[in-house]
Amino acid sequence: MTISKTRKQYTTEFKEEALRLASKIGTTKAARELSFYQSQIYSWRPARPKEGFHQQARIRFSDRECSAQA
């Protein structure tokens with residue numbers, strides 16, 4: 001016989017408010033005030049657009065190539 005825990009489900013509004021709070025006072029303090037782990041807040045943050053991240057990586061790599069050739 002196993003007892004399963006039900007996972008808490010938060011509304012979109014709650015998540016948005018938690019993210020606003022985290023941006024104002026910091027993720028650690030917001031997580032403490034809301035009584036859950038920091039990782040929960042991090043998982044709610046919007047993901048970086050893939051193109052933007054790769055574009056930044058290309059720029060950094062090309063900068064290294066230029067400085068190596070000089």
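Condition first: among the aliphatic types (A, V, I, L, M) and surrounded by 10 or more Cβ atoms within 10 Å (Cβ to Cβ). Now tell me which residues in region 1-34 satisfy that.
In the first step, residues of region 1-34 are kept if they are among the aliphatic types (A, V, I, L, M); the result is 1, 3, 18-19, 21-22, 25, 30-31, 34.
If the condition is that a residue be among the aliphatic types (A, V, I, L, M) and surrounded by 10 or more Cβ atoms within 10 Å (Cβ to Cβ), then Ala18, Leu19, Leu21, Ala22, Ile25, Ala30, Ala31, Leu34 are the ones that fit.
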Residue hits (region 37-52; over 16 Å from Thr12 (Cβ atoms) and modelled with pLDDT of 90 or more) are Tyr37, Gln38, Ser39, Tyr42
Note on region 1-31: residues aromatic (Phe, Trp, Tyr) and assigned to a helix (DSSP H, G or I) are Phe14
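The values are calculated or read from the model by the stated rules, or taken from the named source; none is laboratory data. Values in this document were obtained by computation on a predicted structure and should not be read as measured data. Cβ coordinates were reconstructed from backbone atoms using ideal geometry, including for glycine residues, and neighbour counts include every protein chain displayed.
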